[in-house]
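Visitor: Starting off with a structure, shown below.
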Amino acid sequence: MAAPPSRRASPPALPEELVEEILLRLPPDDPGCLLRASLVCKTWGLAVSHSGFRRRFHDHHRLPPVLGFLHGWNNERISHFIPTTASSFSLAAPDWRSWRAIDCRHGRALFLSNDPGGAWELLLWEPTTGAQWRVPVPTAFESEFPTAAVFCAADGCDHLDCLGGPFRLVFLFTSIFDYFTPSEDRVTSACVYSSETGTWGEPTSLRGEIGNFTLYASVLVRNSLLYFLSDGEAIQEYDLARHSLTVFDAPDNSFQEKFNLMLAENGELGVSESLDGRLNLWSRELSGGTAARWVLTRVICFEISLPNGALVNSVDVLGFAEGANAIFVSTFAGLFMIDLQSDRFRMVCENHGFCNLIPVVGFYTPLPRDGRHYLPPSSPTDEAADEDGGDLKKTFDQAQQLFEKGPNAIKEGDFDNVFGKMCSEWYNMVMWFPSSVYLSCVWQRARLSVLAFEGLNELN
């Protein structure tokens, strides 16, 4: 009886540094890729869950994607979080029956309790980690239509990776009076909560009726000014440094236009106005010293980009994705996300009516399987290369050169060697992890990411 054929030795495994360089190039707007990659093996799971990898992932891609949005639709059949990513992706958002989403910024979403019979309570939720904090609102802040905003409080933070750090909340409310109280005697107040002290500061107040703040989310300008919009289209400005409140109107306020807050192209306060089949974008700019005026900076025609029949009813702006420069509009044909940089329209779900829509913007990287974060793997330095005989630095440089060569690397032996190693690596992974469809998807994206240059279609 013939002896069984000997099994060919597997090529050596890919260096961990090369694996990390490939994983860094997976598309951030498809977080399912990183999630599936983390399940391939323990080594990969540890690699993508390092805080250092998360930071490098942020630094490599820079512009965070819109992962999805939270909404206020009163429908049990609709998940509280709706993804907008390329593949199916889900986050376990707080129960919409108990918590109403009101803001999201710097990797944190903010909710207000829905119990009308109890005291107000705020819930802070980190979508990518699932961490939660509850913050009671003092009974002295009793109000019928309050809102709140959240932002990072770490000094010098670029807000690409400030999860678990200090934060502040701003609670905006109008004191309750009876209907016979003159509007000039009604008081609107703002108060700041600090996670570092666990206390609320003294309220800052402004007389005059402002209205219902629950229909729109806030906008943060230059990390120093918070803006809120009421149902009467009056805009409330809260200065975080001076702790002062001011109020002014949206452009051409006639109570017929449909406005929503946004950031203008110059980073200052802007508003979007849906009117007569078009989207007008306004910017508030200084004029002649300290006075400010509204300037129409851009007009987007819905008829050009929306499908036929979408404009049967009016178009409502439901939210602005701060940090991703995208706007969500509700039409008869469905809910669309507009990328303001490319003017690209993309339908994300059906139209379920008007609500305060809260986009979730940020980078997603999987958590460690045991729920703990590990020390980051640093990029190889010259000192480390000297200690390790230069191998670590050499591997890193070779990987970087390979990525820079793009499609031309296919013609060279270094790419063929790496490609063979990767094929063998993936064969072993499929044997360990039976979901070969998922692995093939991740592998194809990794291969395209290695080549991430123009002319990739010619490789098929």
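Visitor: Got a sec? Which of 121, 144, 126 is closer than 20 Å to residue 217 by Cβ, open to solvent by 20 Å² or more (accessible area, probe 1.4 Å), out of contact with any Cys (no Cβ under 9 Å at 6 or more places or on another chain) and modelled with pLDDT of 85 or more? So that I can check it myself, show each step before the final result.
Guide: Numbers: 144 fails: modelled with pLDDT of 85 or more; 126 fails: open to solvent by 20 Å² or more (accessible area, probe 1.4 Å).
The conditions single out 121.
Visitor: Shifting gears a bit: List, please: which pairs have Cβ atoms under 9 Å, are six or more places apart or on different chains, and start with a residue in the stretch 299-318 that is open to solvent by less than 30 Å² (accessible area, probe 1.4 Å) and modelled with pLDDT under 85 and end with one that is of a type in the set (Val, Ile, Thr) and part of a strand (DSSP E or B)?
Guide: 302/329; 302/331; 306/329; 306/331; 310/331; 315/329; 315/331
Visitor: On to the next question. With respect to residue 75, determine if the residue is modelled with pLDDT under 85 and in contact with a strand residue (DSSP E or B) (Cβ under 9 Å, 6 or more places away or on another chain). Even if it seems obvious, please write down each step before you answer.
Guide: Details: modelled with pLDDT under 85: yes; in contact with a strand residue (DSSP E or B) (Cβ under 9 Å, 6 or more places away or on another chain): no.
Answer is no for this residue.
Visitor: Whether any residue in the stretch 110-128 is part of a loop (DSSP other than H, G, I, E, B), more than 25 Å from residue 83 (Cβ to Cβ), free of Cβ contacts under 8 Å to residues at least 12 places away in the same chain and in contact with a helix residue (DSSP H, G or I) (Cβ under 9 Å, 6 or more places away or on another chain) is what I want to check. Please lay out each step first, then the result.
Guide: Our first condition is that a residue be part of a loop (DSSP other than H, G, I, E, B); within the stretch 110-128, this holds for 114-120, 126-128.
Right, trim to more than 25 Å from residue 83 (Cβ to Cβ) and you get 115-120.
From what's left, free of Cβ contacts under 8 Å to residues at least 12 places away in the same chain: 116-118.
Now restrict to residues that are in contact with a helix residue (DSSP H, G or I) (Cβ under 9 Å, 6 or more places away or on another chain): none.
Looking through the stretch 110-128, none of the residues is part of a loop (DSSP other than H, G, I, E, B), more than 25 Å from residue 83 (Cβ to Cβ), free of Cβ contacts under 8 Å to residues at least 12 places away in the same chain and in contact with a helix residue (DSSP H, G or I) (Cβ under 9 Å, 6 or more places away or on another chain).
Visitor: Among all residue pairs at least 6 apart or on different chains, which show Cβ distances below 6 Å where the first residue, located in the stretch 223-243, is closer than 16 Å to residue 102 by Cα and open to solvent by 10 Å² or more (accessible area, probe 1.4 Å) and the second is at pLDDT below 90 and not aliphatic (A, V, I, L, M)?
Guide: Listed by first residue and then by second, the contacts come to 231/211; 231/212.
Visitor: Considering only residues of the stretch 259-298 that are out of contact with any Ser or Thr (no Cβ under 8 Å at 6 or more places or on another chain) and among the acidic types (Asp, Glu), which is least open to solvent (accessible area, probe 1.4 Å)?
Guide: 273
Visitor: I'd like the residue in the stretch 76-110 that is among the polar types (S, T, N, Q) and surrounded by 17 or more Cβ atoms within 10 Å (Cβ to Cβ) and, out of all such residues, is nearest to residue 260 (Cα to Cα).
Guide: Applying the first criterion (among the polar types (S, T, N, Q)) to the stretch 76-110 yields 79, 84-85, 87-88, 90, 98.
With surrounded by 17 or more Cβ atoms within 10 Å (Cβ to Cβ) added as a condition, the list becomes 84-85.
Values: 84: 21, 85: 24 Å.
Among those that are among the polar types (S, T, N, Q) and surrounded by 17 or more Cβ atoms within 10 Å (Cβ to Cβ), it is 84.
Visitor: Only residues that are modelled with pLDDT under 85 and charged (D, E, K, R): list them for the stretch 319-336, please.
Guide: Once the filter is applied, which keeps residues that are modelled with pLDDT under 85 and charged (D, E, K, R), the stretch 319-336 yields nothing.
The values are calculated or read from the model by the stated rules, or taken from the named source; none is laboratory data. Keep in mind it's a predicted model, so treat the numbers as computed, not measured. Every residue, glycine as well, gets a Cβ built from its backbone with ideal geometry; the counts of neighbours run over all protein chains shown. These area figures cover heavy atoms from the full protein model, side chains too; ligands, DNA and RNA do not enter into them. Shrake-Rupley method; radii C 1.70, N 1.55, O 1.52, S 1.80 Å.
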